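Data block below; observations after.
The values are calculated or read from the model by the stated rules, or taken from the named source; none is laboratory data. Note that the coordinates shown come from a computational prediction; the quantities given were computed from them, not determined experimentally. Cβ: placed from backbone, ideal geometry, glycine included. Neighbour counts: every protein chain shown.
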Amino acid sequence: MKLLIVDDSALMRRQLGALFEADGGFQLAYARNGREAVAANLAFQPDVVTLDINMPDMDGLTALSQMMVERPVPVIMLSSLTEKGALATFEALNLGAVDYVAKPGGTITVGLEAIQAQLLEKVRGAARARVGRVSGRADRAAALPARAARPERTVHAAPPAPAPRAAASGAAGKGIVVIGVSTGGPRTLERILPALPADFPWPVVVAQHMPASFTLPFATRMDGLCSLRVVEAARPMPLEAGTVYICKGGADVLVAARGGQPALVAKPETAGYLWHPSVELLGRSALEHYAPRDIVAVMLTGMGHDGADAFAEIARRGGRTIAESEESAVVFGMPAELIRRGGAQQVLPAGQVAARLVDWVGGGKH
């Protein structure tokens, strides 16, 4: 595999190079800034690029946007674990990056040791990812549905319960939509969640594999795009219509009963599960508190098989399930696993998921 490593730090380039050389199977090239990266993408023709965000001369976001126009290539961003780093990462994913690896604190050597296995896995997975030229920000914004007017408000990790809304159907508050997603998820969710109407009658719970410091900025970003309220589920909170809950990163979020009503609770990561927030645990907890016919489970892009068993069980018991199709998935791993288990009742491209949810659950009637 041909890998281009882009970082302005000579020490970081050496350490990254040593990591991939020790693993074997990589032909390496290096760039010190975004301008060199754009040129190397054309000259070296890498299969994957690891790209730092903060660099002199030309930053990573500018370089990424040019690469996606001139020669689209799977890109893994190297991002800091700060809120600023998270926001820059989401912009990179919107520009076409496949995934990111969050840099831990400490020295470069110690930090890379902590993320070595994750970085290798994501680079190898990125080589199989679907990439293409990404339209400009204005084009993407124009493609989103008109957002319903809402009162201005401040978004918090766990805001007060929203005021009750008029339901679009008799099913208001009766069921739940659970979504599992990983690699390529933020951009895919930006195609689906903003397309749900403000009167969508069931709560939507999203388990997106993401670090703890990223989920609140992501929820805030999505809240600015969606007609539904979008919040981070970081503490016990009731499940209510008109709300999308982004499961807290660095934790597992489960459906539970509080005061006789379904709610979400966040707990420390559960041993024995590879990915967090765990889609598998979320799906199984939904089955404990909702009748299967009142559950819709959606499996979107991502590596691995998290949630495939739980979602297949939902389908077997009479719930409804959707797997994202290969034609739109950045990485087809998670949806493919659900399909392989016979648990996908519908296989749809991402652009058709919201319409199917409205068709099944209701909403959009004014």
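At a glance:
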quantity: Residue in the range 105-121 that is surrounded by fewer than 22 Cβ atoms within 10 Å (Cβ to Cβ), modelled with pLDDT of 90 or more, out of contact with any helix residue (DSSP H, G or I) (no Cβ under 8 Å at 6 or more places or on another chain) and within 23 Å of residue 189 (Cα to Cα) present; calculated: yes
quantity: Test for residue 166: is it at pLDDT 50 or above, more than 20 Å from the chain's Cα centre (by Cα) and of a type in the set (A, V, I, L, M); calculated: no
quantity: Helices (runs of 4 or more DSSP H) (entirely within the range 1-111) containing at least 2 residues that are farther than 16 Å from residue 127 by Cβ and among the charged types (D, E, K, R); calculated: 10-23, 34-43, 83-95
quantity: Filtered residues of the range 263-277 (kept if of a type outside the set (A, V, I, L, M, F, W, C) and in contact (Cβ under 8 Å) with a residue 12 or more places away in the chain); calculated: 267, 268, 269, 270, 273, 276, 277
quantity: Test: residue 238 is touching a Leu at 6+ places or on another chain (Cβ under 9 Å), of a type outside the set (A, V, I, L, M, F, W, C), under 25 Å from residue 196 (Cα atoms) and modelled with pLDDT of 95 or more; calculated: yes
quantity: Of all residues in the range 224-265 being over 18 Å from residue 179 (Cα atoms) and among the charged types (D, E, K, R), the one that is farthest from the chain's Cα centre (by Cα); calculated: 258
quantity: Which numbered condition residue 124 misses (of (1) within 26 Å of residue 221 (Cβ to Cβ); (2) in contact (Cβ under 8 Å) with a residue 60 or more places away in the chain; (3) surrounded by 15 or more Cβ atoms within 10 Å (Cβ to Cβ)); calculated: (1)
